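The structure appears right after this line, and notes come after that.
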Amino acid sequence: PVDVSAEDRALQASIQLFTETLEPQTRRHLPKLGMFKNGAFENVLRSIINIPEPQWRPMRQALEESGLVRAEKFDGLTVEYLEFHPSLANLEELSLSQQSDLQNRYQQGYYELANFLYNEEGNNPYHAHIIEQKEMPNLLNAAYGALDTSKDWAKDFGNKVDSFLSDFGLITTSKKFAKATKVEIEELLEKSEDWFDKFSDQVKQLVAENRPREAQEILEGMLEHLDAEPSYERCLTLGRIGNCAKLLNNIDQAVEYYQQQLVELKQLEPSDKVNREIARAGTHLADILTHKGDYDAANGAYVAALSIMQNLNDVSSIASIHAKLGSLQKLQNNIKESEQNFHKAYVMFKQLNEPQNEAAALYQLGTIYQQTKQWKAANQAYSKANEIFEQQDDLANTVATWQQLAHVNQMLGNLPETEKWYRQAIEGNKTLENWSEVSIGLTNLAELLQDQLGRLEEAKQLAEAGLAIDKAHNPHDVEIWKTYLILAKIADKQHDSNQANVYHRLARDSKSDVLEYNGTLEPHKKFIEAVVSTARQPKLRRQLNAMLEQRKLKGWDKLVSAVQRFLDGEKDVNYIAQTEHLDTEDTMIVYDIVHKTKKRELV
């Protein structure tokens, strides 16, 4: 056309050429990208356009190679943001039915993202704000679309987007939801005597939908309209605000509300109903105190709650508190008391026909027996738990139990059973997409098989599969050096000393990198840097000797000796660590020195 510029014609030709390079089943997904504003995080985009992995990978690669998409990475986020070239908004149009279906998926997808971010702000505000900022054009577009199409959840979606904008200091013309709760309460107060029950039901629904922040806003509005004098309804509201604060990880606020609830409950006329609420509040408070590490206070609160529930003959609550006491005493290393409480919980849950709780208590008993090396008892407890978890179709807990059964059977010397459980756990974790656990399972299985006659090559393949998974994820989040060490063992047994040395070096380097990343070596940073500088400039040795003497005076004799041997020309760090009998910390300091010295030599 005459009215199209040369630049636009070239761009259209480029897009046409790019489109023709795609397979037909992949090409049909391309117009869907026009729905997104500026771009999107990869996982959000894929879930909305509903494209399978085998089609998405070549499509993304082609988009990047053509310059139509640019990937942006952020520290701490495993998913990349894909920034779109503006021309992607002008692709061929979808049919009306396709457009309608995609709009619904787009609005629903971003509503789900808004829910996730809203709750994530309390746990991980830094990363939540990054995602909110990059996805704001899509969040706004989807929220307005949901309002226009009268989605049931449109108001909630708008509230959440408003809150994100407020975090960035922005105000929207649609910011009208903040005071809705108080207005609704006042209106209902005038019309109905059962307003408390109606709003209580609304709160329960919000909590069930994982929307504790909104639930807390309603509860705070309810509290304002209740008399300041202690009452049963006021105490319930205080406790429920505490529950919401706990869900939002506002721990100190939760403690404050639970304590206030207990104070006011004890001012009410005693009754079974009041006493039961005192026990519940005490249990909630004990949960928080356990989380904070105040174990003695938590124990006292649990015991007081248990006494009340025993007087009320509330068997379900008694069993639950015994399980909580078992967990607390396990943290305190009171193993005998922990076992007794878990066993009581198990027996009661079995009598009550609560299979999920029964299995959980059995699993905890298994961990106790495993910790105390009672392998047969552990195997029996885990086996019973596994049977129940499988009957309940609880895959996550089933897979976790398979992993424990593998460890226990390995200690019992039941190698065929060990292999069976490892393989089941690996496949289960693949289904759950727990890739770090898949890698650990593959590495454990490789270590098991490398000691069995004729299975070295199989062990090597398993370890390499685990290594591939580790490399695909953040190497600082996985113990990749363990996989390298298994591969080094296998290479040694295959008489490939060169490859074994390579794997040993990679294990040292990766361990050193992770320790540095996690701050483990931070206190030794200046010392390590001084030794590395001296290795590069021997004339600094005299100055370093003064630092080494100071280290000796502080009890680091073995480390000092190892460093001196390295500076004197010994390069076999494994031999130095072995002959000096270095502990783990000393060894990693020496490894880090060697690693950094080699890096400097390459520059």
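Each reported figure results from applying straightforward, stated rules to the coordinates on display, with no laboratory input. Bear in mind the structure is a predicted one, so any value in this text is a computation, not a measurement. Note that each Cβ is placed from the backbone with ideal geometry, even for glycine, and that neighbours are counted across all protein chains shown.
What translational D, rounded to a whole number of µm²/s, comes out for the chain from Stokes-Einstein when the hydrodynamic radius is the Kirkwood one over Cα pairs, at 10 °C and 1.306 mPa s?
Here the translational diffusion coefficient equals 53 µm²/s.
State which entries of 373/552; 376/482; 246/471; 324/482; 151/324; 525/571 exceed 30 angstrom in Cα-Cα distance in the structure shown.
Where the Cα-Cα span goes over 30 Å, the pairs concerned are 373/552; 246/471; 324/482; 151/324.
Using r as the Cβ-Cβ distance of residue 150 and residue 332, and R0 as 45 Å, what FRET efficiency do you calculate, to the nearest 0.05?
About 0.25, to the nearest 0.05.
Points 7 angstrom from Cα along the Cβ direction at residue 65 and residue 387: gap in nanometres?
So the two model labels end up 5.7 nm from each other.
Would you mind computing, in nm to one decimal, how far apart the modelled labels at residue 543 and residue 220 are, each placed 7 Å from Cα along Cα→Cβ?
Placing both labels 7 Å along Cα→Cβ, they lie 5.7 nm apart.
Could you give the length gained by full extension between residue 495 and residue 133, i.e. 0.36 nm per residue of separation minus their alpha carbon distance, to one decimal place?
124.8 nm
If I take R0 = 30 Å and measure r between the Cβ atoms of residue 367 and residue 80 in this structure, what FRET efficiency does the formula 1/(1 + (r/R0)^6) give, to the nearest 0.05?
Details: r = 38 Å, r/R0 = 1.26.
After rounding, the FRET efficiency stands at 0.20.
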